Amino acid sequence: MKKTLSLFAITLLGCAYLFGADAGSSSEDDNQKNFIFVGGGFGISQVLKLVDGKKDDGSSYKAFAWDIRGGYEFMPLKYVGLRTYLDYMMSIKPSGLDTLTSSLFSFNLDVLANIFNYKGYALGVYGGVGFGYFQHSNVVQTTPEDKAFAVGFANLLNFGISGTFDKVNFVEIGAKIPLSTYGQETGSYQDSYVFVSYSYLF
């Protein structure tokens, strides 16, 4: 938890610096540096179940995942920016009556750093933190005593590489890693995601 709070503090300090650095910019530049974006993507989730702190191999699995997102991006400097967004991710493991789903709804704050930037094209990296609500369940609960349902909150670490094309097309390859667990009496869960996503900048 202390590490997570430190990450939040560093991010917020960076945010204050970025806003301050842009105080003297023209309104024309501001129009080019502020974006609303929406997008989506797909990838793989790793659902890890822990029992007494140890991995339960029989209940842990990989599954196909998809996501939708929307938020706000601010680029006060040519190579450094900030974005905040809401993200919904869902994974599903089809298996008839034993089909499993896992979902995450999160609020995120990321710092963007472009390594290359030229005439509307950019390549860079990003990193940040998030706070999310997780849910894991059987699609069909076969008995009233079925304990496969679990919900909870967890902190997240976001990181990856990103590219911007023609100023308005944003593509990223990234990961969401939980910094804590959520769960139930019979075990706790950690859901990690690796994904490719596309967003359009307005």
Checked segment 162-189 for anything of a type in the set (D, E, K, R) and buried (at least 18 other Cβ atoms within 10 Å of the Cβ); matches are 172, 176
Residues that are modelled with pLDDT of 95 or more and of a type in the set (S, T, N, Q), drawn from segment 71-102: 84, 91
All but one of (1) at pLDDT below 95; (2) of a type in the set (Phe, Trp, Tyr); (3) within 13 Å of the chain's Cα centre (by Cα) hold for residue 193; which doesn't? (1)
Any idea which residue in segment 104-119 is nearest to residue 66 (Cα to Cα), counting only those that are among the aliphatic types (A, V, I, L, M) and touching a residue at least 60 places away in the same chain (Cβ under 8 Å)? 104
Reported set for segment 93-103 where residues are over 13 Å from residue 152 (Cβ atoms) and either among the polar types (S, T, N, Q) or in contact (Cβ under 8 Å) with a residue 24 or more places away in the chain (or both) is 93, 95, 97, 98, 99, 100, 101
Those residues that are in a strand (DSSP E or B), open to solvent by 20 Å² or more (accessible area, probe 1.4 Å) and basic (Lys, Arg), I need them from segment 67-107; list them, please. 93
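The values are calculated or read from the model by the stated rules, or taken from the named source; none is laboratory data. For clarity, every value in this text was computed on a predicted model and none was experimentally measured. All Cβ positions, even for glycine, are placed from backbone atoms using ideal geometry, and neighbour counts span all protein chains on display. Surface accessibility is based on the protein's heavy atoms, side chains included, excluding ligands, DNA and RNA. Shrake-Rupley method; radii C 1.70, N 1.55, O 1.52, S 1.80 Å.
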